[in-house]
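Below: the structure, in structure tokens.
Here, each number is a calculation from the coordinates, and none is a lab measurement. All values derive from a computational prediction rather than experimental measurement.
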Amino acid sequence: EYMTTSGISHVNYWEYIHNLSYRVANLSESGQYKKAVSLGKLLQDLEVNPDTVSKQLLDWSPACSRSASKYYFQGLLALPLVYFRYDQYEKAEVVLGQMIDLVALDPLNEHLDPTDESRRYISLYYTSLLHYSRLMQNPKDTESLNALEKGYEELSLHYGVASDSGIVAGGRLIAALKVQLLETRALNLFASGEYKAAMTRMREAVVIEDEEVPYNEPLILPRPVRESMAELLIRCTSSSACLAQVESDPALGGANNLLEVALEETK
């Protein structure tokens, strides 16, 4: 309302959305969960509330439509990323479901640059994250794993891993989604007793994070995948079956070196 009555440009409004998204990510990473969730919910309200949308979001000039639309989706993602960071996957699933519904009703779609991504690809990305949420709750959910794999394949074909354009900076998000896919594959294998294969997939995820996921503000991945790897290694130390498999893997270096592996530089 202040921005509307004060004549502040829509470009600055979108910079506010972007900066607030970055603040949510910083609060989340620094352990201030309640503040991060509160601001994340504010972002959702700023962008979903019909009055706010009609007054602030729709009437921009064509020159700023691409950056505006990108920040719009960045703002929507802020809250579920907080929930991911704190293992609140049920809450993330609920919010992502609402976001998927929103795409079909989104008043911004008719205003977007026609060269930007379509509703279908935006919805597919949200749906892929929803399946990621379900897999983090139940790694044996084969249906969600298959859906995540199909979503990643279709999105990567559309965006291309190296691209960095459009509403959701497609290439960067697809690289991050690749990490999340490998992470969930590893968790699925671990839950099935295929410990050595699980560690191999998790190391692949670490390499992808290091080499293919560029720096971004706010961060794209909800947490470093090394944290998931470390969790698996800790669980492995209490399982004789797991230790028997990984001790035969030269890359892991045996039981005495399991935890150090999670923090090593990728070679």
>> Filter LYS41/LYS178; LYS34/LYS150; LYS41/LYS196; LYS91/LYS178; LYS35/LYS196 down to the pairs with a C-alpha to C-alpha distance above 31 Å, please.
In response: LYS34/LYS150; LYS41/LYS196; LYS35/LYS196
> How large is ³J(HN,Hα) for each residue in segment 194-201, as worked out from phi by the Karplus curve 6.51 cos²θ - 1.76 cosθ + 1.60 (θ = phi - 60°), to whole Hz, x for Gly and Pro?
Replying inline: 8, 5, 5, 5, 5, 5, 4, 5
> What is the distance in Å between the Cα centres of segment 173-190 and segment 84-102?
Replying inline: 18
